[in-house]
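J.: Below: one structure in structure tokens.
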Amino acid sequence: MKRLAILISGRGSNMEVILEAKLPARVVAVISNEAGAKGLAIARAHGVPTTVIDHRGFATRSEFDAALAREIDRHRPDLVVLAGFMRVLTAECVNRYAGRMMNIHPSLLPLFGGLHTHRRALEAGVKVHGATVHFVTPDLDHGPIIIQAAVPVLPGDTEGALAERVLAQEHRIYPQAIRWFCEGRLALTAEGTVRLREPPPTGGALLSPALDM
Ligand code: GAR
């Protein structure tokens, strides 16, 4: 059984699906930088120990990251899972977990890194949007991509409707990526590329709008 540490800042819906996915893994810690994160109560209800490390209590980013790393390491995780963790980590912290830290981002990277991805996708007029799970590298929102899910952007979509459609796919791809890792099928190579053994067959193309002939 692999040991997972999950880092959150808020709602914790990705954390919740990971907790309920029956993975060959044990979630040994949930750590939040926000005391008010709703996900903390969900973690506790699943019997997972939680810790809050409020970034506001630290003078610098590196001091916060050092405290965070100490707390993570105390639980000896095989994989650190960023699930809506809304803090940029220093290169030193990220490098410490090279090949064993994953993130989920609500866009088809490398498009729309950063915040307000759904609003920006609507503004850009893209017809296909989605979510990405990637290994974390010091390059914010640009680590090696493990899996992506695409959804259509529909006429009349609001930011909320699009966010909901993407989130439903996040909940499918994040447990899948973690499962591959826990099964020993997924790794980050020394060259910085993603290696997945026995990948499932890929489906056909997604077109949006669809062809009418
Ligand atoms: C998710 O949509 C996740 O992709 C996003 O925050 C949300 C957290 O929701 N993460 C980022 O934007 C990271 N750059 P959740 O707390 O319900 O999982």
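Derivation of every value follows stated rules applied to the coordinates shown; laboratory data play no part. Remember, predicted model here, so these are calculated numbers, not experimental data. For neighbour counting, all protein chains shown are included, and Cβ atoms are generated from backbone atoms with ideal geometry for every residue, glycine included.
J.: When Lys and Arg each count +1 and Asp and Glu each count -1, what net charge do the other residues less than 10 Å away from THR132, Cβ to Cβ, add up to? Please report the intermediate quantities before stating the final value.
T.: Numbers: positive: none; negative: ASP141, GLU170.
With Lys, Arg at +1 and Asp, Glu at -1, the neighbours total -2.
J.: Here's something else I'd like to know. Mind telling me which of PRO155, PRO144, PRO201 comes out most flexible in a GNM of the chain, alpha-carbon contacts under 10 Å?
T.: Of PRO155, PRO144, PRO201, the Gaussian network model singles out PRO201 as fluctuating most.
J.: Further question on the same structure: Taking the Cβ-Cβ separation of ASP54 and ARG195 as r and a Förster radius of 35 Å, what is the calculated FRET efficiency to the nearest 0.05?
T.: Here the calculated transfer efficiency is 0.40.
J.: If you don't mind, there's one more thing I want to ask. Between LYS22 and ARG87, how high is the FRET efficiency from 1/(1 + (r/R0)^6) when r is the Cβ-Cβ distance and R₀ = 30 Å? Nearest 0.05.
T.: 0.55
J.: Right, next: Using r as the Cβ-Cβ distance of LEU206 and LYS38, and R0 as 41 Å, what FRET efficiency do you calculate, to the nearest 0.05? List each step's numbers first, then the result.
T.: Working: r = 32 Å, r/R0 = 0.78.
For LEU206 and LYS38, the calculated efficiency is 0.80.
J.: Taking GluC sites (Glu not before Pro) that fall in a DSSP loop and have at most 15 other Cβ atoms within 10 Å as cut points, what is the longest piece of the chain between them?
T.: Working: sites that count: GLU20, GLU183, GLU191.
After excluding every exposed loop site, the longest remaining stretch is 21-182.
J.: Quick one: among GLY113, GLY12, GLY47, which has the greatest mean-square fluctuation in a GNM of the chain with alpha-carbon springs under 10 angstrom?
T.: Result: GLY47 has the largest fluctuation of those listed.
J.: Still on this structure, I have one more. Quick one: which residues, 5+ away or cross-chain, put their amide H under 5 Å from the amide H of ARG3? H built at 1.01 Å from N.
T.: Correct list: ARG26, ASP78, LEU79.
J.: Setting aside same-chain residues fewer than 8 positions from LYS2, which lysines have a Cα under 26 Å from its Cα?
T.: LYS22, LYS38
J.: Calculate how many DSSP beta bridges within the chain are antiparallel, expressed in % of all such bridges and rounded to the nearest 5.
T.: Beta bridges within the chain, antiparallel portion: roughly 45 percent.
J.: Search the structure for amide H atoms under 5 Å from the amide H of LEU206, placed 1.01 Å from N in the peptide plane, and list their residues when 5 or more places away or on another chain.
T.: none
J.: Counting only the backbone N, which residues of the stretch 138-180 are under 17 Å from the spot 7 Å out from the Cα of ARG119 toward its beta-carbon?
T.: 157-164
J.: Further, regarding this structure: Taking the Cβ of each residue in VAL136, VAL166 as the centre, tally the other Cβ atoms inside 10 Å and list the residues starting with the fewest. Can you show the working numbers first?
T.: On the way: VAL136 26, VAL166 23.
Arranged by neighbour count, lowest to highest, VAL136, VAL166 become VAL166, VAL136.
J.: In addition: Quick query: amide H of MET86 versus all other amide H atoms, modeled in the peptide plane; which residues come in under 5 Å with a sequence gap of 5 or more or a different chain?
T.: SER9
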